[in-house]
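Here the structure is laid out as structure tokens; the discussion comes afterwards.
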Amino acid sequence: LAAIRAKRMAQLQGMGGHQGMSGQPSERANQEEAQRAAEDQRSQILKALLAPTARERLANISVVKPDKARKIEDMLIMNAQRGAFSGQVSEEQLIQMLESITEKSKTSTKVTIQRRRDLDDDW
């Protein structure tokens, strides 16, 4: 985690050098610090909330589908704030949540093929 943070900070500092002297680097740094603190708090909440196997599954999902993992994390945090969980969330509970999100996000696709009829056809 520390290596990822260091790499990201190097990227941000590299991008900040191209921005020029606009007088907003301190404001941007404050925003980045607040965002980093929020992400740290989020990860701590999830670490306390999830069982190790569930945490591993969520990490695997976040590699493949980051947006779905973010939705699950949001759902977990909201339910924890409401007091819906009595203890740690097991892998089975996480799978149930995954299935419910998948069912909600399923969209049926309908393909309609329309063939053009040329005017000079011998029909």
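The values are calculated or read from the model by the stated rules, or taken from the named source; none is laboratory data. Not measured: the values here are computed from a predicted model. A quick note on method: Cβ atoms are made from the backbone with ideal geometry, for glycine too, and the neighbour counts reach across all protein chains shown. To get the accessible areas, we keep the full protein, side chains included, count just its heavy atoms, and leave off ligands, DNA and RNA. Shrake-Rupley method; radii C 1.70, N 1.55, O 1.52, S 1.80 Å.
Of all residues in the stretch 58-67, none satisfies the criterion of being of a type in the set (D, E, K, R) and in contact with a helix residue (DSSP H, G or I) (Cβ under 6 Å, 6 or more places away or on another chain). Listed by position, the helices (runs of 4 or more DSSP H) contained in the stretch 32-123 that have at least 3 residues being open to solvent by 50 Å² or more (accessible area, probe 1.4 Å) and closer than 30 Å to residue 8 by Cβ are 52-64, 66-82. Against the conditions (1) at pLDDT 85 or above; (2) at positive phi, residue 82 satisfies every one except (2).
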